[in-house]
1. Compute the length gained on full extension between ALA33 and ILE62: take 0.36 nm times their separation in residues and subtract their Cα-Cα distance, giving the result in nm to one decimal.
2. Of the listed pairs LYS60/LYS87; LYS29/LYS85; LYS29/LYS76; LYS29/LYS108; LYS29/LYS87; LYS29/LYS60, which have alpha-carbon separations greater than 30 Å here?
3. Could you tell me the ratio Rg/Rh of the range 32-126? Both radii from Cα atoms, Rh via Kirkwood.
Amino acid sequence: MKKLLFTFSILALISCKKEEKKESLYPEKQLSAEEKQLQLGEEIFNGKGMCYSCHKPDQKVIGPSIKQIAEIYKAKNADIKLFLKEKSEPIVDPSQYSVMKTNFSITKTFSDEELKAVEAYFFSHLK
Ligand code: HEC
């Protein structure tokens, strides 16, 4: 029993420490604007966008990999945001375009900020 109490008090101490840190003035704990954008992009990709069900980071599944898409869009200096608004033609795998097209009903509801975040998330796979 004593041991248990001891463990609890240690745990309590640790969690207090964490609380303190949150309020401390160390700026490195805060996310930069770029990191926040990538986080939003990832959230959409794995969440309401449901992009993960057809796209994986490094390997082709139903759709091309994120990396391949990013490489081609970078090489051609193309705009993923425009594609997701259905305002540009497919350049990665046009033969499978009809499969991707079904997602425009979702992607067209994204705000500009969300589209930018998704694009940034794709391009982050180039590093
Ligand atoms: C039902 C499966 C499926 C889902 C879900 C899906 N995609 Fe795709 N996607 C594809 C396929 C297949 C292609 C290849 C056809 C093409 O290039 O248009 C593709 C291609 C793409 C391309 C390259 C387009 C080009 O120029 O050829 C982008 C960018 C893309 N998807 C982004 C997304 C994003 C962002 C989401 C989530 C909002 C998403 N996809 C969800 C199947 C899917």
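Laboratory data are not the source of any read-out in this text; all were calculated from the coordinates shown. Bear in mind the structure is a predicted one, so any value in this text is a computation, not a measurement.
1. Difference between extended and current length: 7.2 nm.
2. Violating the 30 Å Cα-Cα cut-off are LYS29/LYS85; LYS29/LYS76; LYS29/LYS108; LYS29/LYS87; LYS29/LYS60.
3. Rounded to two decimals, Rg over Rh is 0.92.
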